[in-house]
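Worksheet: one structure, shown below.
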Amino acid sequence: VFPDGPVPRRSERQEEERSERARRHYYERLRKGAHPTNLTTGDEMGEVLMPDVLVEVRGDWLKDRKVDFIDAIEDGIVAVLRTPKDDKILRLIEHSPENFSVPRWAGEYFTHIEITMFKGRSIDVKRALYRAIVKNLGPFGVPPNDVKIILIEVLPSDVGMRGGRAACDLEIGYEIAI
């Protein structure tokens with residue numbers, strides 16, 4: 001419970017209006033010369049940890065390249081979604097082959113990626129994200145057809161962080177509606 005009682009909940013319309021105000025504010029600061037990765041949507045700064053990414057592969061074929069593999073996925077997210085570097089949770093799980101059934105058409109480097117992120121990106125941005133990640137995984141020998149990316153979009157009111165506060169009550173540090 002907050003000092004003045006519970007935090008009033010915003011409606012979806014209020015969240016959309018807040019996002020629109022933040023978007024206008026963000027672009028105004030860009031026009032004034034600010035670099036996108038240094039912008040926040042308000043005065044409060046802090047760790048946001050979104051998007052949240054789960055990467056699953058079959059077997060241990062990555063060997064000592066795990067960190068580079070995760071970085072390649074994060075680099076695609078940062079470039080396309082314009083989120084700050086190192087503000088995400090990225091998890092890599094290497095399943096033993098008997099514990100991870102993949103489609104018949106998939107090869108040994110099949111990579112399953114789930115990205116949970118705030119709702120608001122356009123279909124063009126999502127397509128660019130898919131392409132960037134697939135391209136970044138090429139140097140690891142992952143064929144483009146062996147990458148499956150699933151986006152799970154949530155409203156900021158669906159995420160609790162920074163001491164149990166809803167993300168819609170925080171300034172998250174980057175623009176969602178792109």
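Asp68 fulfils the conditions (1) within 25 Å of Ala166 (Cβ to Cβ); (2) at pLDDT 90 or above; (3) in a helix (DSSP H, G or I); (4) among the charged types (D, E, K, R) except for a single criterion, (1).
In the condition set (1) in contact (Cβ under 8 Å) with a residue 40 or more places away in the chain; (2) surrounded by 15 or more Cβ atoms within 10 Å (Cβ to Cβ), Arg65 is compliant with all but (2).
Scanning the stretch 154-178 for residues that are at positive phi and open to solvent by 30 Å² or more (accessible area, probe 1.4 Å), we see that the one that is modelled with the lowest pLDDT is Arg162. Residues in the stretch 93-151 that are touching a Pro at 6+ places or on another chain (Cβ under 8 Å), at pLDDT below 95 and not in a loop (DSSP other than H, G, I, E, B): Thr116, Met117, Phe118.
When the stretch 91-107 is examined, which residues are found to be in contact (Cβ under 8 Å) with a residue 12 or more places away in the chain and charged (D, E, K, R)?
Result: Arg91, Glu94.
Every residue, every condition in (1) charged (D, E, K, R); (2) open to solvent by 30 Å² or more (accessible area, probe 1.4 Å), yes or no:
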site	(1), (2)
Arg58	yes, yes
Trp61	no, yes
Phe69	no, no
Lys88	yes, no
Ile93	no, yes
Phe100	no, no
Ala106	no, no
Phe110	no, no
Thr116	no, yes
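For the stretch 127-138, filtered to residues that are farther than 14 Å from Thr83 by Cβ and in contact (Cβ under 8 Å) with a residue 12 or more places away in the chain, the residue that is least open to solvent (accessible area, probe 1.4 Å) is Leu137. Go through the stretch 85-124 and give me each residue that's of a type in the set (Val, Ile, Thr) and within 12 Å of the chain's Cα centre (by Cα). Passing the criteria: Ile89, Ile113, Ile115, Thr116.
Would you check if there is a residue in the stretch 155-176 being free of Cβ contacts under 8 Å to residues at least 40 places away in the same chain and among the β-branched types (Val, Ile, Thr)? It would help to see each step written out before you state the result.
Applying the first criterion (free of Cβ contacts under 8 Å to residues at least 40 places away in the same chain) to the stretch 155-176 yields 158, 160, 163-164.
Restricting the remaining residues to those that are among the β-branched types (Val, Ile, Thr) gives none.
No, the stretch 155-176 contains no residue that is free of Cβ contacts under 8 Å to residues at least 40 places away in the same chain and among the β-branched types (Val, Ile, Thr).
For the stretch 71-92, filtered to residues that are in a loop (DSSP other than H, G, I, E, B) and among the charged types (D, E, K, R), the residue that is modelled with the highest pLDDT is Arg82. Gly141 - would you say it is open to solvent by 20 Å² or more (accessible area, probe 1.4 Å) and within 15 Å of the chain's Cα centre (by Cα)? No: the conditions fail for Gly141. Tell me yes or no: at least one residue of the stretch 152-173 is farther than 19 Å from Leu54 by Cα, part of a strand (DSSP E or B) and charged (D, E, K, R). Yes, the stretch 152-173 contains at least one residue that is farther than 19 Å from Leu54 by Cα, part of a strand (DSSP E or B) and charged (D, E, K, R).
The values are calculated or read from the model by the stated rules, or taken from the named source; none is laboratory data. No experiment lies behind these values; they were computed from the predicted model shown. Ideal geometry is used to build each Cβ from the backbone, glycine not excepted, and the neighbour counts take in all protein chains shown. Heavy atoms of the whole protein, side chains included, go into the accessibility calculation; ligands, DNA and RNA do not. Shrake-Rupley method; radii C 1.70, N 1.55, O 1.52, S 1.80 Å.
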